[in-house]
1. Quick one, what does Rg over Rh come out to for segment 1-70 if you take C-alpha atoms and the Kirkwood Rh?
2. For S8 and A70, FRET efficiency with R0 = 41 Å and r from the beta-carbon atoms, rounded to 0.05?
3. Rounding to the nearest 20 debye, state how big the charge dipole of segment 1-42 is about its Cα centre with +1 on each Lys and Arg Cβ and -1 on each Asp and Glu Cβ.
4. Any chance you could get the radius of gyration and Dmax over the Cα atoms of segment 43-91, in Å?
5. Suppose every Lys and Arg Cβ carries +1 and every Asp and Glu Cβ carries -1, with no other charges. What dipole size does segment 36-88 come out with about its Cα centre, to the nearest 20 debye?
6. Please work out the FRET efficiency for the pair T32 and L121, using the Cβ-Cβ distance as r and a Förster radius of 41 Å; give the result to the nearest 0.05.
7. Using only the alpha-carbon atoms of segment 1-42 as identical scatterers, what base-10 log of I(q)/I(0) does the Debye formula give at q = 0.22, 0.27 Å⁻¹?
Amino acid sequence: MPCIHCQSEAIVKNGTKTLKTGQVLQQYLCNTCGRRFNERSGTPMARLRAPVATVEMALNARHEGLGVRAAARVVGTSPSSITTWEERSSSHLPAWSPPAGAGGDVTIEGDELYTRVGENLPPRSL
């Protein structure tokens with residue numbers, strides 16, 4: 001694991017940090033630039049206050065087709081938090097989906113999402 005600040009390989013373990021959820025994060029110290037970071041630094045999970053399991057459940061619910069508000073009700077958080085988590089994870093997409101090799105194509109597929117807009121009225125009779 002290189003330093004996220006200077007990309008140096010000269011890093012050492014520098015203690016642990018216990019989160020409110022009970023999860024223990026390994027801390028690191030870079031001997032080159034002197035900066036500290038942990039195993040979440042530089043990832044979409046860096047500096048999250050919510051438990052990783054909650055974020056994972058919300059993103060999975062959205063992936064399965066639930067709307068933002070429905071996913072927020074299921075997980076027990078605000079819709080704006082889920083939107084923020086989606087934005088953070090999408091900013092790291094190149095790391096999860098490497099480019100196609102030489103002469104290859106990349107195909108992206110998506111499902112449709114239909115949303116009712118307006119009032120739910122019975123059909124008008126003619």
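1. 1.12
2. That pair, A70 with S8, gives E of 0.35.
3. 200
4. According to the Cα coordinates of segment 43-91, Rg and Dmax are 9.7, 27 Å.
5. My answer is approximately 220 debye.
6. After rounding to 0.05, the efficiency reads 0.05.
7. Normalising to I(0) and taking log10 leaves -0.64, -0.87.
Read-outs throughout are calculated quantities, based only on the coordinates presented, and are distinct from any laboratory measurement. Source: prediction; values computed, not measured. With ideal geometry, Cβ positions are generated from the backbone for all residues, glycine too; neighbour counts draw on all protein chains shown.
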